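Only one structure is covered here, and it is reproduced in the block below.
The values are calculated or read from the model by the stated rules, or taken from the named source; none is laboratory data. None of these values were measured; they are calculated from a predicted model. Neighbour counts run over all protein chains shown; Cβ positions are idealised from the backbone, glycine included.
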Amino acid sequence: MKQGTILLADDSDLVAEIIGDSLSEAGYRVIRAKDGYEAIEFCYRSIPDLIIMDIDMPLLKGYQASRLLKTRRGVRDIPIIMHTANSEDKDRFWSYNSGACAFVIKDFNNIQPLVETVGKWIDHQALDKELIAEDAKAMSREFIAETLSDILDKELFQSTIINQLGDAARSISSLAGTILRVLELIDLATERQIAAIILATGREASPYIYPLDCINKEMADDFISVSLQDFFSFFQLSSIKPVDAHIFNIEHRQDWTKLRLQDNRLCSYYSCPIYGSGDELIGTLHLGHVRNNYFTDSVVENINAFIRDAGVVVHNAMLFKNLSVMEREIRNVFSKFVPQEIINELVARKTHASMLAGEKRELTIVFSDIRAFTTLSETNTPESVVSFLNKYFETMCDIIIEHGGMVDKFIGDAILAVFGAPKSWPDNARRAVETAIAMSRALETFDTAGIILPPEGLDIGIGVHMGDAIVGTVGSSTKFDYTVIGDTVNLASRLEGLTKQYQSRIIVSESVVRELEANKHEVSCVRFREIEQVIVKGKEEPTLIYLLEDEGPHCLDEQEYDLYKKALAMYRLRNWQTAAGYLDRILETRPDDPVCLIFRERCRDFLIEPPSDEWDMVQRYLTK
């Protein structure tokens, strides 16, 4: 059964035969044109349901024929598929620019994509065949050539508009300056005695008027009154109120307020909507002329062509102004108590509401704390403690910022750092782990002159955890802070506390390790040594924790690490004797390894008094 008529325009007999046979087998009736002129003539003569057009044809290229058809009533509704051996971006661009609905590369070993594309586009709204047949009577090669010439003239006009508006776009930092240039450039499209652009800016209707010297204030007031009525007919929003008009070209006018200027009066008027980026309605254009019936169809066509491109320029200037106002507002409100990177993030947001809104994000938290700080503060003067803390915070904060993190807050001597807000990275977890390592290494060279350290020296604990948290501004109407809150933050703090239990400097959660493994984000010179599952205060579900071993004398070598994994496996099988044996072998060369000491002590205790069979092997730390 025939499913429709297809006009195949291709100058190659071989190509036409291959494609024609395939389409005929699919049930379509195929007619062929050998060049662009024939394609246009056959389109009117046979009125096909779809056109397959080659790009490179003699006399008239495919996209030129397509462009002409898409400017004519009736035939413009026929879908056109560009079918070509050329796959360059410029061919694709010109194809779609000419009105084609699809672009298919020629592949004679596989015609199926073309057949499937035909099937997709051939079912469309019924064509007005009577209208097409009526226009076919005037169709001739001379008419086609003349029509193409008109199209090229319009494209030249369009190109001139775009070039001139490019100059207006350079004044985007000034909304009034951009509109002034656009109103001046309307002369490209039409002669006018007065022109106005009215923009919807928030809840205001803002008129910008450009009268020529033949227009006085009284005439302009009447003109803007009519223009505002049309503006509100487009927007139909009672919440928008008009503000005082911005009037150009009157600074030099001594006669602006005269009651009459010769015998001039406005006799012709035209208005149209202005659409910006994304076809957003942003305002209206209004034009007045002293000549009767001045705004003919051809003049209106030029005006509409002009305002299509001018609307985008004006919209960009509006957006730039809005962003500038928003940035000033944000910086004024937050600069006294919010870090610079957060201000930059808030400036990037588009609305006032989003500036203060909270949101859930996946974050990696680094929580660090100074060991024995109470002892340190008791054995030093307040001045030396503050000086020491300032120097310590500066060192650690530089490391955090260098790795792309945000210093959320200081809690006494503790630091809460965030990776993923306000700026997020694809490798937040890796950055957080490398930050923890860099903070640990910084202690080796940190200058402690002027401070009396506790007997064990200067040491810190660091917990690293990844998960969802709430990010936003929290507080009261008089004092609030941009911060992160939630269980993820609490768990990172608890992991830092566990560094005391396991006598280790850095502990990370399973979520961090799994994230690094899943995305193949390698951290050089480190190993994640699995410890065990723990339940900390405030949590009901266990968390698997890892010791982060930095390369150095305290890191197990490969043989020792293999023994450790065997010991851990035996421990989980409750084979206390064998597990202790493996641990003893490690402790022969690593007598001070804290995790091995903890597990060996447990194994020895369990050999004396085994735990109950109901024990889930989860360690519970229910105090801070």
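Assorted remarks:
- Residue in the range 60-83 that is among the acidic types (Asp, Glu) and crowded, with 18+ Cβ neighbours inside 10 Å present: no
- Of the residues screened, Asn304 is one that is under 36 Å from the mean Cα position of the chain (by Cα), over 17 Å from Ile209 (Cβ atoms) and polar (S, T, N, Q).
- Any pair with Cβ under 7 angstrom, 6 or more apart, that starts in the range 564-587 at a residue that is assigned by TED's automatic domain parsing to the domain that holds Met617 and ends at one that is of a type in the set (Asp, Glu) and assigned to a helix (DSSP H, G or I): Ile586/Glu560
- For the range 11-28, the criterion of being at pLDDT 90 or above, in the same structural domain as Ile105 (by TED's automatic domain parsing) and in a strand (DSSP E or B) is satisfied by no residue at all.
- Residue match in the range 89-97 (condition: of a type in the set (Phe, Trp, Tyr) and closer than 25 Å to Gln3 by Cβ): no
- Residue within the range 506-515 that is hydroxyl-bearing (Ser, Thr, Tyr) and in contact with a Phe, Trp or Tyr (Cβ under 7 Å, 6 or more places away or on another chain) present: no
- Number of positions in the range 426-439 that are surrounded by fewer than 20 Cβ atoms within 10 Å (Cβ to Cβ) and more than 13 Å from Glu402 (Cβ to Cβ): 2
- Out of Ser22, Ser12, Ser46, sole residue that is more than 18 Å from Leu114 (Cα to Cα) and among the polar types (S, T, N, Q): Ser46
- Restricting attention to the range 503-522, the residues that are part of a loop (DSSP other than H, G, I, E, B) and surrounded by 19 or more Cβ atoms within 10 Å (Cβ to Cβ) add up to 2.
- Test: Tyr294 is under 23 Å from Asn304 (Cβ atoms), in a loop (DSSP other than H, G, I, E, B) and hydroxyl-bearing (Ser, Thr, Tyr): yes
- Considering the conditions (1) modelled with pLDDT under 85; (2) over 21 Å from Ala310 (Cα atoms), Met219 is excluded by exactly one of them, (1).
- Residue, modelled with the lowest pLDDT, within the range 121-141, restricted to residues that are exposed (fewer than 14 other Cβ atoms within 10 Å of the Cβ) and of a type in the set (Asp, Glu): Asp123
- Any hit, the range 254-262, residues being at pLDDT 90 or above and assigned by TED's automatic domain parsing to the domain that holds Val313: no
- Residue within the range 524-537 that is assigned by TED's automatic domain parsing to the domain that holds Ile365, under 17 Å from Ala421 (Cβ atoms) and touching a Ser or Thr at 6+ places or on another chain (Cβ under 7 Å) present: no
- Any hit, the range 76-83, residues being in contact with a Leu (Cβ under 8 Å, 6 or more places away or on another chain) and either assigned to a loop (DSSP other than H, G, I, E, B) or at pLDDT below 85 (or both): yes
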